[in-house]
Amino acid sequence: MDFIDLKTQYRRIKPSVDTRIARVLEHGQYVMGPEVTELERELAKYIGTKHCIAVASGTDALLIALLALDIGPGDEVITVPFTFFATAEMIALVGARPVFVDIDPRSYNLDPAKLEAAVTPRTKAIMPVSLYGQCPDLDAINAIACRHELPVIEDAAQSFGATYKGRRSCGLTAIGATSFFPSKPLGAYGDGGALFTNDDHLAQLCREIRVHGQDRRYHHPRLGLTGRLDTLQAAVLLAKMEIFDQEVEARIRIGARYTELLHKTFGASPDAKVRAPHVEPFNACVYAQYTIEVERREIFETRMKALGVPTAVHYPIALHMQPVFENLGQAEGTFPASEAAARRVISLPMHPYLTEEQQQKVVQAVAEAVA
Ligand SMILES: Cc1ncc(COP(=O)(O)O)c(C=O)c1O
């Protein structure tokens, strides 16, 4: 069994992928070719924003958003300690200070009740993460941000295709940043990412920063990077968009089926031996990861491996405990919900082509592994 099955998906879309790639090889515009513009148009329409800026990775999307908002040394950006490293890494890389706010232990997302206390005169932005494929309570976060006149950057690397109160992730804040890493809900055949905004000025800055800060050829009013999405990756993503709605539906159905099977086996209480993920009623979750909580995770992991079911831990160390962030001076115990999640979470195989039989096999293995 695969943790993520990209081969089945490729067999399904092979004619379209192959044709689109061949077309790029024929026209030869490997950098900023017509497929990039076509993809940006299509993704902006899908999310419902005025602008989409395709970039080289989710990490570059975060970096470009921070640079476009002119965030740097002396500034603070509020985020969560329970996320992939890149979220806080990019804040620190531009010279700003990541200020952590603990997560809600049920959704694993930023707890809006703890947010306002972290705002200081140095705060320049709030960067919540839509972890595992569902959004935090963005209306609550946007309202606090609005009171303090702060932009919100949604780290939507894991939530492309998800909805919050019926509206699409990536288009719910001042700027949304997503990733097209191959294992993401919409994945390229290599690295990729995108930014989404309705703000014309911010979009223009992102476009300039994506190409060395140039506003016209060899004229640079600001600094930037080589942050473009490859034309070949845009071609792949256009092919994948043809089936994306069906894949999102499948993800939602498969996630719900996992939860039903786990609840049947272990009960639905938050203290159950195995805790299934909680999706907030206002969310449709795309399950970039289907992540459960167990006791004694290392033993569980070893047993699952022996039973032939791959698992992965997203993420084993809360970011305030990472060696590089020791200088922030936040000792163990500062963010108890994030630390508890980091000790207990483990992700099960998840992709849109998982069969009911495979899911039953996984849940059977979970039952044996926790015994
Ligand atoms: C929450 C989060 N932020 C940022 C990133 C970075 O994206 P990429 O790997 O495309 O650079 C990821 C990717 O794993 C992620 O999960």
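The values are calculated or read from the model by the stated rules, or taken from the named source; none is laboratory data. The structure presented is a predicted model; accordingly, all values stated were derived computationally and were not measured. For neighbour counting, all protein chains shown are included, and Cβ atoms are generated from backbone atoms with ideal geometry for every residue, glycine included.
Checking Pro185 against (1) more than 16 Å from the ligand (Cβ to nearest atom); (2) over 25 Å from Asp70 (Cα atoms): exactly one of these is not met. Which one?
Answer for Pro185: the failing condition is (1).
Could you check the range 327-358 and list, in sequence order, the residues that are in contact with a helix residue (DSSP H, G or I) (Cβ under 8 Å, 6 or more places away or on another chain), in a loop (DSSP other than H, G, I, E, B) and farther than 17 Å from Tyr132 by Cβ?
Passing the criteria: Gln330, Glu332, Gly333, Thr334, Phe335, Tyr353.
Got a number for residues in the range 140-161 being within 15 Å of the ligand (Cβ to nearest atom), closer than 17 Å to Leu69 by Cα and in contact (Cβ under 8 Å) with a residue 60 or more places away in the chain?
2
Answer yes or no as to whether Leu237 is more than 16 Å from the ligand (Cβ to nearest atom), hydrophobic (A, V, I, L, M, F, W, C) and surrounded by 21 or more Cβ atoms within 10 Å (Cβ to Cβ).
No.
Residues in the range 210-217: is at least one part of a helix (DSSP H, G or I) and out of contact with any helix residue (DSSP H, G or I) (no Cβ under 8 Å at 6 or more places or on another chain)?
No, the range 210-217 contains no residue that is part of a helix (DSSP H, G or I) and out of contact with any helix residue (DSSP H, G or I) (no Cβ under 8 Å at 6 or more places or on another chain).
Scan Lys273, Lys305, Lys240 and give me the residue that is of a type outside the set (A, V, I, L, M, F, W, C) and under 22 Å from the mean Cα position of the chain (by Cα).
Going through Lys273, Lys305, Lys240 in turn, just one is of a type outside the set (A, V, I, L, M, F, W, C) and under 22 Å from the mean Cα position of the chain (by Cα): Lys240.
When the range 130-174 is examined, which residues are found to be of a type in the set (Phe, Trp, Tyr) and out of contact with any helix residue (DSSP H, G or I) (no Cβ under 9 Å at 6 or more places or on another chain)?
Tyr132
Check the range 118-127 and report whether any residue there is modelled with pLDDT of 95 or more, under 14 Å from the mean Cα position of the chain (by Cα) and either crowded, with 24+ Cβ neighbours inside 10 Å or near the ligand (Cβ under 10 Å from one of its atoms) (or both).
yes
Of the conditions (1) part of a loop (DSSP other than H, G, I, E, B); (2) away from the ligand (no atom under 14 Å from the Cβ); (3) not aromatic (Phe, Trp, Tyr), Leu205 fails just one. Which one is it?
(1)
Only one of (1) within 13 Å of the ligand (Cβ to nearest atom); (2) in contact with a Pro (Cβ under 7 Å, 6 or more places away or on another chain) fails for Asp137. Which number is that?
Tallying (1) within 13 Å of the ligand (Cβ to nearest atom); (2) in contact with a Pro (Cβ under 7 Å, 6 or more places away or on another chain), Asp137 fails exactly one: (1).
Quick one: which helices (runs of 4 or more DSSP H) sit completely within the range 1-107 and have at least 1 residues that are within 16 Å of the ligand (Cβ to nearest atom) and buried (at least 24 other Cβ atoms within 10 Å of the Cβ)?
Counting at least 1 such residues, we get 34-47, 58-68, 86-93.
Those residues that are in a helix (DSSP H, G or I) and surrounded by fewer than 20 Cβ atoms within 10 Å (Cβ to Cβ), I need them from the range 253-274; list them, please.
Across the range 253-274, the qualifying residues are Arg253, Ala256, Arg257, Thr259, Glu260, Leu261, His263, Lys264, Thr265, Phe266.
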